[in-house]
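Read the structure below first, then the notes.
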Amino acid sequence: MKLRRKDAMISAGKRMYASGLVAGTLGSIGSRLSENEIVITRKGSRLGSLCEDDLIVLNGEGIAQDEKRKSLSDDTAIHYQVLKTQNECQAVIRVYSPYAVALAHRGKKGVEKAMPHLENLGGVAFVPYYRPRTAGLAGAVSSAMRENHVVIIEQQGPVVMGTDLDDAIDRAEALEACCKIAFILSSGNGSE
């Protein structure tokens, strides 16, 4: 794997952790290496302290190229499908930031009510609940990302794509701030 891309993934994990977008082993990162390869974080990675052993390269068919196959993340299919089908996308992150995940638990109506606060994120879509780690979930997220940069999965939380890792993280940080504003305004402390 190219040294620069490895360093970018490690830096992205630290930034996501420092920003409160992930905690412990929750969250994942996927990035395009080339037309036929992507790199993802392995299952159980602590994004705040990633190392090269936490990174797995997948070929153009989504198959791990080495012995790390058994360590594939629960989000592997999402990363693979989005990066395979969205040509402008170079990075996909799965975050577990508190306000965005709380909004996901409010369901479709909750997301629709918060939508005025989410307008500047490059499009936000709601995906109803699917069991984690399923092809149905990966397909629904990939389909929704044809016209949106953010997908909020019911009862699970957001997936964010970007033109690079920094772009995806910028959007995720903005999403969390917008969700926080929506919660403050809906709690009676604001004018909404």
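Mind checking which residues of the range 82-110 are within 18 Å of T163 (Cβ to Cβ) and of a type outside the set (V, I, T)? Passing the criteria: L83, K84, Q86, N87, E88, C89, Q90, A91, R94.
Among the residues of the range 122-141 satisfying the criterion of being in a strand (DSSP E or B) and not small (G, A, S), which is farthest from C178 (Cα to Cα)?
Taking the range 122-141 and keeping what is in a strand (DSSP E or B), we get 124-127.
Those left that are additionally not small (G, A, S): 124, 126-127.
Values: V124: 12, F126: 15, V127: 19 Å.
Ranking the qualifying residues of the range 122-141, first place goes to V127.
Residues of the range 85-119 that are charged (D, E, K, R) and free of Cβ contacts under 8 Å to residues at least 40 places away in the same chain: R106, K109, E112, E119.
Rundown of residues vs (1) crowded, with 16+ Cβ neighbours inside 10 Å; (2) among the acidic types (D, E), yes/no style:
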{"position": "I78", "(1), (2)": "yes, no"}
{"position": "C89", "(1), (2)": "yes, no"}
{"position": "L103", "(1), (2)": "yes, no"}
{"position": "R131", "(1), (2)": "no, no"}
{"position": "G136", "(1), (2)": "no, no"}
{"position": "A144", "(1), (2)": "yes, no"}
{"position": "E154", "(1), (2)": "yes, yes"}
{"position": "G162", "(1), (2)": "yes, no"}
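The number of residues in the range 35-94 that are in contact with a helix residue (DSSP H, G or I) (Cβ under 7 Å, 6 or more places away or on another chain), modelled with pLDDT of 95 or more, assigned to a helix (DSSP H, G or I) and under 16 Å from K14 (Cα atoms) comes to 2. Here K108 fulfils each of the conditions (1) charged (D, E, K, R); (2) touching a strand residue (DSSP E or B) at 6+ places or on another chain (Cβ under 7 Å); (3) not in a helix (DSSP H, G or I) apart from (3). Every listed requirement among (1) in contact (Cβ under 8 Å) with a residue 60 or more places away in the chain; (2) surrounded by fewer than 23 Cβ atoms within 10 Å (Cβ to Cβ) is met by A168 save one, (2).
Going by the conditions given, is G110 on the phi > 0 side of the Ramachandran plot, surrounded by 15 or more Cβ atoms within 10 Å (Cβ to Cβ) and either in contact with an Asp or Glu (Cβ under 6 Å, 6 or more places away or on another chain) or not hydrophobic (A, V, I, L, M, F, W, C) (or both)? No: the conditions fail for G110.
The values are calculated or read from the model by the stated rules, or taken from the named source; none is laboratory data. Keep in mind it's a predicted model, so treat the numbers as computed, not measured. Using ideal geometry, Cβ is built from the backbone for each residue, glycine included, and neighbour counts are taken over all protein chains shown.
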